[in-house]
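**Student:** Sending over a structure as structure tokens; questions will come in a sec.
The values are calculated or read from the model by the stated rules, or taken from the named source; none is laboratory data. Given the structure is predicted, the values throughout are model-derived calculations rather than measurements. Methodologically, a virtual Cβ is constructed for each residue, glycine included, from the backbone with ideal geometry; neighbour enumeration extends over all protein chains shown. Ligands, DNA and RNA are stripped out before the accessible areas are found, and what is left, the full protein with its side chains, is counted by its heavy atoms. Shrake-Rupley method; radii C 1.70, N 1.55, O 1.52, S 1.80 Å.
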Amino acid sequence: MIYELNHLGILVRDIEASLDFYGRLDARVVFHETIVGTPVQIAYMQLAGGLVEFIYDPESLTPLPYGADHLAFLSDDLDADYGRLLDAGCLDATPPKPAGTGIGRLGFVLTPDGARLELLQRDLDLRIPEPDDALALFLDHFAYAAASTDDAARLFAGVLGMEPVGESRFRFGADAIELTTPAPSGPRFPHLALRVASIDQAAATLESRGVAVERTPDGARLTDPDGLDILLSA
């Protein structure tokens, strides 16, 4: 059974720059390891209760598509859940195998509209309590630019078992996906959104920490070092 929306995975150009940027948003490192036998680093940061993963390969021989790469879900039966996704029309990308970190197993599929989803089976809880004075109240959602909202709804609710909230949001507990309209040649995962108590206060705090903030009609927007938009709303 798939039971948790665990993280958004991001391919990064410079892991130190990414750790520094998200640290200015009060995210905290909860895991940082190098895959055995490679230079590839994997880091997880907890941001307002949610998790983001950074994948850094300093010796890649080909240009990487930097930015948001995949959404990851936890499973208690990886092989069975991987098979269910294939039966639902997803494509086999990386069959279940031991994780490079040595912790648990993983597999990747491509959805019919080309998004990468990761399934993880592991006994590792990375979540930690959030401080009372954190910049954001909570991570509101990860955005998914769906080619077909009906197909995405069937996948997330019908196959993955997420709870629908209205017509465009699906969640496991506090972790949510929001369906958006894809932009031409735009990313499949265009943003993540944070809920804050006050836009003005959050923007002032971020600007005092050297983060550029753009005000929008609905709140504010900033952009991480690899092009992922982070939206603020109150």
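**Student:** Would you work out if the stretch 105-234 is rounded, prolate or oblate? Take a ≥ b ≥ c from the square roots of the eigenvalues of the alpha-carbon gyration tensor; rounded if a/c is under 1.5, else prolate when a/b is larger than b/c, oblate otherwise.
**Tutor:** prolate
**Student:** Net charge near Pro164: determine it from the other residues with C-beta under 11 Å of the C-beta of Pro164, scoring Lys and Arg +1 and Asp and Glu -1.
**Tutor:** +1
**Student:** Also: Around Asp81, under 13 Å between beta carbons, what's the net of Lys plus Arg minus Asp minus Glu among the other residues?
**Tutor:** So the environment of Asp81 carries a net charge of -4.
**Student:** Note down the magnitude of the dipole of the chain about its Cα centre, charges +1 on Lys and Arg C-beta and -1 on Asp and Glu C-beta and zero elsewhere, to the nearest 20 debye. Write down the numbers at each step before the final one.
**Tutor:** Values: 17 positive and 37 negative charges, 32 e Å.
The dipole magnitude comes to about 160 debye.
**Student:** For the charge dipole of the chain, defined by +1 on Lys and Arg C-beta atoms and -1 on Asp and Glu C-beta atoms about the Cα centroid, which residue among Gln121, Ile230, Leu51 has the Cα displaced farthest towards the positive pole?
**Tutor:** Ile230
**Student:** Probe radius 1.4 Å, ligands and nucleic acids left out: which of Phe31, Phe170 has the largest accessible area, and how do the rest follow?
**Tutor:** Of Phe31, Phe170, the descending order of accessible area is Phe31, Phe170.
**Student:** Can you tally the net charge around Asp226? Count Lys and Arg as +1, Asp and Glu as -1, for every other residue whose Cβ sits under 12 Å from the Cβ of Asp226. Intermediate results must be reported in sequence, preceding the final value.
**Tutor:** Numbers: positive: Arg13; negative: Asp14, Asp69, Asp224, Asp229.
Surrounding charge for Asp226 is -3.
**Student:** Report D for the chain in µm² per second (integer): Stokes-Einstein, Kirkwood Rh on Cα pairs, 10 °C, 1.306 mPa s.
**Tutor:** Rounded to a whole number, D works out at 87 µm²/s.
**Student:** How do 93-106, 112-125 rank on mean C-beta neighbours within 10 Å, highest first?
**Tutor:** Descending mean neighbour count gives 112-125, 93-106.
**Student:** At 1.4 Å probe size, with every protein chain present, just tell me what the per residue accessible area of the stretch 1-121 comes to in Å².
**Tutor:** The answer is 42 Å² per residue.
**Student:** Once you put a point 7 Å from the Cα of Asp133 and another 7 Å from the Cα of Tyr3, both along the Cβ direction, what distance in nm separates them?
**Tutor:** 3.6 nm
**Student:** What's the carbon and sulfur percent of the stretch 25-151's accessible surface, probe 1.4 angstrom, rounded to a whole number?
**Tutor:** Answer for the stretch 25-151 is 53 percent, counting heavy atoms of protein chains only.
**Student:** What full-extension length gain, to one decimal in nm, is calculated for Thr62 and Ala147 as 0.36 nm per residue of separation minus the Cα-Cα distance?
**Tutor:** Values: separation 85, 0.36 × 85 = 30.60 nm, distance 2.79 nm.
Difference between extended and current length: 27.8 nm.
**Student:** Can you put His32, His70 in order of accessible area, largest first, using a 1.4 Å probe?
**Tutor:** Sorted descending by solvent-accessible area, the residues read His32, His70.
**Student:** Under 37 °C and 0.692 mPa s, how fast does the stretch 1-92 diffuse according to Stokes-Einstein, given a Kirkwood radius computed over C-alpha pairs? Answer in µm²/s, whole number.
**Tutor:** 224 µm²/s
**Student:** Just want the answer: with Cβ charges of +1 for Lys and Arg and -1 for Asp and Glu, which residue in Val109, Leu71, His32 is farthest toward the dipole's positive end in the stretch 1-145?
**Tutor:** Val109
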